[in-house]
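These notes concern the structure reproduced below.
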Amino acid sequence: MSGKGTDSGGTTRPLVFRLHVSVPSLVREVLLERGWTEYDEQEQDNEDWNLYWRSYPFRMTDHRSIKPWQRLNHHPETIRITRKDYLARHLKRMKGIYGTTLYEFSPAAFIMPNDYVKFITEYTKERQIPGKKLSYWICKPVDRSRGRGILIFQDIKDFVYDCMVIVQKYISNPLLVSGYKWDLRLYVCVTSFCPLTIYIYEEGLVRFATEKFDLGSLDDVYAHLTNTSINKFGPSYGKDKDVIGSGCKWSFTRFRAYLRSRNIDDQRLWQKIHHIVTLTLLAITPSVPFTSNCFELFGFDILVDDKLKPWLLEVNHSPGLRLDCTIDLAVKRKLLHDVIDLLNYKEIDTLRRNKGAARRVSCFNRTQSLLTATQAEDSLDCLACGRERKPTAPSPSPSLLQFTKGASVFGRMGSAHPKKTLTSQLRERMNMPKKPLQSKPSAKNKLILRPSISLWEPLQSSLWFGSNGLCTHKPSIPLYFLSDSDKRPFPRVGNFVLIFPFNEAALEASRNGINVKGVIQEIHKLMSKELQPEQIKVH
């Protein structure tokens, strides 16, 4: 929608954006183009914004206090795939559970210094095999970006590091374009982890090295690294390079046309990349705390080898939105417009009608909550890392859980014959005579109550269980990424195309907590169908 709406008095009210100081100026430019206004903390309440965009994660308290008209540009706990060592651990775990057939898209990795002995063992074993082609290795600091601190080596005597790093087998046979190495910067927007909803952007960036690929000069960063932040300072950046041209970037549109001109099946390649994106996000989906009204724009870096096998290099938490060239301007400006369209703002979001009532309910909930803010934060931290939280003595005051399905939060709170609620049942149990101690229940039978994500919204009394066994509540805030007509994710918004859920079975497997095994089975079926034409040609 446009950036404006009309309030009850007929006055036009624009949507309001709030930016952190580190956010690239392009985000502000695009929002102003759409008729939005910028949040002024001196003049406006802290609930008067519709979109809060920043370059680093939000606190869980920010997620819990979200209002129906607001969106945050990060999900919690996504560092599990955006930090290089965490990503390697999660993919290794998934490979151990579901096999290498699906999860062999990330190079073998060792996290230093913890895996030093394992790395030395692998390095030595390879050199003891007569005639074995020796591997090249790439060393990257786990928490740096833009190519900083990267080292490529073949002989261990050249391996030196002074911080936590990840060492991976270097892909020494990349598919080259006129002798130049390249990779893909793919934009992926996750509008929800519960239910899992993934959009992939059909346009994107192909990033080239600016010197020809040469394994004989491993220290030449302009030949081996594709980061624009490095190559824009290279001596050949502005030169008209064969096929590549000047600069170091193409759009996907130009690149796919190039592949087709070389009789390469670009559609098959893109299907493989879609699977990599989905399988990577599945690795963390069960452990991402449930939150309402947020989204995440990831930057997936994909390299393709000379056998047309795509490899995942890394996942970026806040992909660069600064403009280095005209290709950036064309791709990133439209990308941001499509992101805003994907957020599906409606006229009611510009009105922000129930703010005062919302504050009153929020205040009531805070004072009546069974969990203190500290306990809630601790609970979410424990859930995120898979630890069991030690039980604390419950407060005798009424709980958030006393709101029942269909009850009005603005109506009378008392009744001559109150309904049975979880809180009243809890009180009854507390006042009952103590029984002899029973044997301790097993961990899988324990009930873990998930705290409310938003203190504004009334919680429904119906409980549901995700595949991880956690008990939580269905949110009363409408899911913004679902269409009003059929309550399903939009199949396409601008250049964003829905890649998950990809069929009815995948939708059902992700509706009420992710059933990873069920989704994996559906991906297996899909990949088998995609391989059938290839198998027919072979036979």
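The values are calculated or read from the model by the stated rules, or taken from the named source; none is laboratory data. The shown structure was predicted, so the numbers you read here are calculated from the model rather than taken from an experiment. Here Cβ is always computed from backbone atoms with ideal geometry, including for glycine, and neighbour counts include all displayed protein chains.
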Problem - Conditions (1) in contact with a strand residue (DSSP E or B) (Cβ under 6 Å, 6 or more places away or on another chain); (2) modelled with pLDDT of 95 or more; number of the one not met by residue 3 - result: (2)
Fill in the blank from the handout: Filter region 509-539 for residues that are touching a Gly at 6+ places or on another chain (Cβ under 8 Å) and not β-branched (Val, Ile, Thr); the one that is modelled with the highest pLDDT is 509
Practice task
Would you be able to say whether some residue in region 76-83 is out of contact with any Gly (no Cβ under 9 Å at 6 or more places or on another chain) and closer than 30 Å to residue 347 by Cβ?
Solution key: yes
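So how many residues does region 99-121 have that are part of a helix (DSSP H, G or I) and more than 18 Å from residue 311 (Cα to Cα)?
Within region 99-121, the first condition is being part of a helix (DSSP H, G or I), and the residues that meet it are 100-103, 116-121.
If we keep only those that are more than 18 Å from residue 311 (Cα to Cα) as well, we get 116-121.
Qualifying residue count for the region: 6.
Check whether at least one residue in region 321-336 is free of Cβ contacts under 8 Å to residues at least 24 places away in the same chain and more than 30 Å from residue 15 (Cβ to Cβ), and report yes or no.
Within region 321-336, the subset free of Cβ contacts under 8 Å to residues at least 24 places away in the same chain is 326, 329.
Now drop any that are not more than 30 Å from residue 15 (Cβ to Cβ), which leaves none.
Checked against the condition, which is being free of Cβ contacts under 8 Å to residues at least 24 places away in the same chain and more than 30 Å from residue 15 (Cβ to Cβ), region 321-336 yields no hits at all.
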Fill in the blank from the handout: Considering residues that are surrounded by 20 or more Cβ atoms within 10 Å (Cβ to Cβ) and under 22 Å from residue 77 (Cα atoms), the number found within region 19-56 is 4
Exercise for the section: Out of the residues in region 223-272 that are in a loop (DSSP other than H, G, I, E, B), of a type outside the set (S, T, N, Q) and under 14 Å from residue 185 (Cα atoms), state the one that is nearest to the chain's Cα centre (by Cα). Expected result: 225
Handout entry: Members of region 287-313 found to be at pLDDT below 95 and either more than 15 Å from the chain's Cα centre (by Cα) or surrounded by fewer than 19 Cβ atoms within 10 Å (Cβ to Cβ) (or both), listed by number
Key = 287
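With assigned to a loop (DSSP other than H, G, I, E, B) and either among the aliphatic types (A, V, I, L, M) or modelled with pLDDT of 95 or more (or both) as the only criterion, which of 281, 218 stands out?
Numbers: 281 fails: assigned to a loop (DSSP other than H, G, I, E, B).
The conditions single out 218.
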Problem - Checking residue 302 against (1) farther than 23 Å from residue 523 by Cα; (2) part of a strand (DSSP E or B); (3) of a type in the set (Val, Ile, Thr), the condition it does not meet - result: (1)
Fill in the blank from the handout: When (1) out of contact with any helix residue (DSSP H, G or I) (no Cβ under 8 Å at 6 or more places or on another chain); (2) more than 23 Å from residue 91 (Cβ to Cβ); (3) among the polar types (S, T, N, Q) are applied to residue 217, the one that fails is (1)
Exercise for the section: Those residues that are touching a strand residue (DSSP E or B) at 6+ places or on another chain (Cβ under 8 Å), modelled with pLDDT of 90 or more and closer than 21 Å to residue 213 by Cβ, I need them from region 119-166; list them, please. Expected result: 135, 136, 137, 138, 139, 140, 150, 151, 152, 153, 154
Handout entry: Matching residues, region 13-34, being at pLDDT 95 or above and under 17 Å from residue 343 (Cα atoms)
Key = 15, 16, 17, 18, 19, 27, 28, 30, 31, 32, 33, 34
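Would you pick out the residues in region 506-521 that are buried (at least 17 other Cβ atoms within 10 Å of the Cβ) and under 19 Å from residue 104 (Cβ atoms)?
Of all residues in region 506-521, those buried (at least 17 other Cβ atoms within 10 Å of the Cβ) come to 506-507, 509-510, 513-516, 519-520.
Scanning region 506-521 gives 516, 519, 520.
Restricting to region 154-207, name every residue that is more than 25 Å from the chain's Cα centre (by Cα) and under 17 Å from residue 248 (Cα atoms).
Hits for region 154-207 are 174, 175, 176, 177, 178, 179, 180, 181.
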